[in-house]
Each structure stands twice: as C-alpha cells, then as structure tokens.
Amino acid sequence: MNCGSEIWNGRKEGRQNFWRRLYKDRFFVAMILPVVVYYLLFSYYPMYGVLIAFKNYMPSKGIMGSEWVGLEYFRQFFGGIYFWRLLRNTLLISVYSLLWGFPIPIIFALMLNEFRDGAFKRVVQTFSYLPHFISIVVTCGMIINFLSPTGGIINLLVRAFGGKSINFLGKPQYFRTIYVASNIWQEFGWNSIIFIAALSGVDPQLYEAARIDGAGRFKQMLYVTIPSIMNTMIILLILNIGNIMSVGFEKIILLYNSATYETADVISTYVYRMGLQSLQYSYSSAVGLFNSVINVVLLVTSNAVAKRITGMGIW
C-alpha cells in the first residue's frame, strides 16, 4: 500500500509541476502555439488522406467507404510505360541542381566574406537576393521572352555571331540546363544568407592566429573559414539530399510542352496531370506517396553516412 501511495503521490506531484511550468512559461507557449496548430492542421491531419493510395477512392463514398485495393496502384505505376522516364528525369534534374546549385551559394558567401567595403558588400547582397522575390510566373515569362526564337535576346546574340535561331524551349536537350541555370540565378543569393550568417560567427582570433603563422587570405579561407562552417554545410547538404525527389511542378509546367516531355516530365508534374486533370485521385496519391517515401529513405541514409564519415548530422 505504501509503494502504491508513493507512486500515486509522485505522479500527482509531477502533474502539478507540469502545470506550474506551463503557467510560468505561458507567454512562450502562446508564441509557439500558432506554429503547432499550423503543422497539426496542414501537415499531420492531411496524412489521413494517404489511405487514398490504397483504395479505389470514390468521392461519393468517402475515404473510409471506398474499396480497399492494397498495392494495386503502386504496381500499376511501377509497371507503367512512364515509370523509368519519370524517375530518370526527376533524379537528373535534382542531381544537377544539387551539384551546381549547392556549392555556388557557398562560394558566393566566401567571396562576400573577403570584401572589406561594407557598403559595396551590402549592395551586392541586396541585388543577389532580388531574384528570389520574383514570382515563378514572372520568372518563366522572362525565360520564355529571353529564349524566344524570333525576338529573344539570346537568339539575337546567336544571329549577331552568324548563327541560326534555336527554339530552346522546343528541344528536349536544352530543358534541364535552362531549368537548373534559372533556378541557380533565382536562388543562389537567398541560399547564401545562412552561410553568410555562419561566417559572421567565426572567431576573429582564429584569423589572427593564422596570420601570425604566416597564412595568407587564401589559406585563411581554406584552413579557418571553411572548417568553421563545415557543420552548416553538412546539415544543409543532408536536407538537400532528403529533398532530391521533390522537383517542384509549377516551374516545369510553365516551361515544358509535349515536345520536351522526354526530358522535362517529372514525378510531380505527372501527379498533377493524373490527379487534377485526369481525376485519378488514388493513382496520383500512390505516385506521390512513393516519391515521399524515397525522400525519407534518402534523408535517413544521407544523415547516417554523414555521421559515420564526419561525426555530424541532423540527429
């Protein structure tokens, strides 16, 4: 009886302490509550809809009333004629974006860090951020105008040097380069912010010690600056690898056409066409779920590899 009473009293005291701490930190709780509610409503609650991928979903019957079909739609997607094309295009566009788009913000941040003129540095930073705030529709409109085979500035330059006009957006072999290059232009300044912030936290005494040891500017960057932000670089690389299958459909839909499907059609655009245009809700949900599962596997794997090699990871 004594033991049971002690356990009960311990639990009661624990609950009282919890509510006291909650009341004491009520203002902090109030600040974080909207974020928690947002993720519960828009991230966790919609996960209930994943069941559609395993059912022959009929809107009139609802999710629970629809017939269970198991992995039927997954088998249909894996055995479809577009599976390998979609997987190849998604991986290639993502890998190219990672290979070219990940190091450029780091290089840009390192270059800015070498500038001593504060005013010039701020102006360059500001101009590099501006493309990020241009909407995708406007960006795609600019790309279409620049690459127009008749009056586009690129083709004007090509003709000025004696060449013939090229229909860049009508040829599959140019699509990935256009997509990746425009993404880098739009996002490299914005993505460099976190690296610039990390560089601002490097201890100046490390640079002084390096100068005393005879290190020049390049060696200071190589042996002080880069190792100081390595943890940030690794974490962002892991997060980027975890999103390698998440190629956004908006920009591709605005730029591609039937002539460039061979290199431009990715999983997200296929889901859009099947789900919203063909109204195949269950099939498109199965394709989207496959995409998300691959992303999770890549995230966990890249984190494990990074921890094994460098000892650093997200968790």
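The values are calculated or read from the model by the stated rules, or taken from the named source; none is laboratory data. Note that this is a predicted model, so its numbers are computed, not measured. Every residue, glycine as well, gets a Cβ built from its backbone with ideal geometry; the counts of neighbours run over all protein chains shown. Just so you know, the surface numbers come from the protein's heavy atoms only, side chains and all, with ligands and any DNA or RNA stripped out. Shrake-Rupley method; radii C 1.70, N 1.55, O 1.52, S 1.80 Å.
Could you tell me how many of the residues in the stretch 222-236 are open to solvent by 60 Å² or more (accessible area, probe 1.4 Å) and in contact (Cβ under 8 Å) with a residue 60 or more places away in the chain?
Number satisfying all stated conditions: 2.
Looking at the stretch 197-221, which of its residues are open to solvent by 30 Å² or more (accessible area, probe 1.4 Å) and aliphatic (A, V, I, L, M)?
Of everything in the stretch 197-221, those that are open to solvent by 30 Å² or more (accessible area, probe 1.4 Å) and aliphatic (A, V, I, L, M) turn out to be 197, 206, 209, 212, 221.
Go through the stretch 166-176 and give me each residue that's open to solvent by 50 Å² or more (accessible area, probe 1.4 Å) and either in contact with a strand residue (DSSP E or B) (Cβ under 6 Å, 6 or more places away or on another chain) or without any contact (Cβ under 8 Å) to a residue 60 or more places away in the chain (or both).
Answer for the stretch 166-176, where residues must be open to solvent by 50 Å² or more (accessible area, probe 1.4 Å) and either in contact with a strand residue (DSSP E or B) (Cβ under 6 Å, 6 or more places away or on another chain) or without any contact (Cβ under 8 Å) to a residue 60 or more places away in the chain (or both): 167, 174.
Identify the single condition in (1) part of a helix (DSSP H, G or I); (2) more than 30 Å from residue 268 (Cα to Cα); (3) of a type in the set (Val, Ile, Thr) that residue 202 does not satisfy, given that it satisfies every other one.
Of everything listed in (1) part of a helix (DSSP H, G or I); (2) more than 30 Å from residue 268 (Cα to Cα); (3) of a type in the set (Val, Ile, Thr), residue 202 misses just condition (1).
Being farther than 16 Å from residue 284 by Cβ and either in contact with a Cys (Cβ under 8 Å, 6 or more places away or on another chain) or touching a residue at least 24 places away in the same chain (Cβ under 8 Å) (or both) is the filter here, so list the residues in the stretch 55-86 that pass it.
85
Would you mind telling me which numbered condition in (1) part of a helix (DSSP H, G or I); (2) over 19 Å from residue 100 (Cβ atoms); (3) touching a helix residue (DSSP H, G or I) at 6+ places or on another chain (Cβ under 9 Å); (4) not charged (D, E, K, R) residue 157 fails?
Just one mismatch for residue 157, condition (3).
Return only the number of the condition from (1) assigned to a helix (DSSP H, G or I); (2) modelled with pLDDT under 90; (3) of a type in the set (Gly, Ala, Ser) that residue 214 does not satisfy.
(1)
Where residues in the stretch 130-143 are over 12 Å from residue 255 (Cβ atoms) and out of contact with any Ser or Thr (no Cβ under 9 Å at 6 or more places or on another chain), which of them is most open to solvent (accessible area, probe 1.4 Å)?
133
Please find, among 50, 37, the residue that is in contact (Cβ under 8 Å) with a residue 60 or more places away in the chain and open to solvent by 50 Å² or more (accessible area, probe 1.4 Å).
Among 50, 37, only 50 is in contact (Cβ under 8 Å) with a residue 60 or more places away in the chain and open to solvent by 50 Å² or more (accessible area, probe 1.4 Å).
For the stretch 100-118, indicate whether the set of residues that are in contact (Cβ under 8 Å) with a residue 24 or more places away in the chain, out of contact with any Pro (no Cβ under 6 Å at 6 or more places or on another chain), among the hydrophobic types (A, V, I, L, M, F, W, C) and open to solvent by 70 Å² or more (accessible area, probe 1.4 Å) is non-empty.
yes
Just wondering, is there one or more residues in the stretch 144-153 that are exposed (fewer than 15 other Cβ atoms within 10 Å of the Cβ), in contact (Cβ under 8 Å) with a residue 60 or more places away in the chain and part of a loop (DSSP other than H, G, I, E, B)?
No, the conditions are met nowhere in the stretch 144-153.
Give all pairs with beta carbons closer than 7 Å in which a residue from the stretch 303-315 that is of a type outside the set (Val, Ile, Thr) meets a residue that is surrounded by fewer than 12 Cβ atoms within 10 Å (Cβ to Cβ); count only pairs at least 6 apart in sequence or on separate chains.
Matching pairs, first to second residue: 303/315.
Residues that are farther than 28 Å from residue 50 by Cα and out of contact with any Lys or Arg (no Cβ under 8 Å at 6 or more places or on another chain): which helices (runs of 4 or more DSSP H) entirely in the stretch 218-296 hold 2 or more of them?
Counting at least 2 such residues, we get 230-242.
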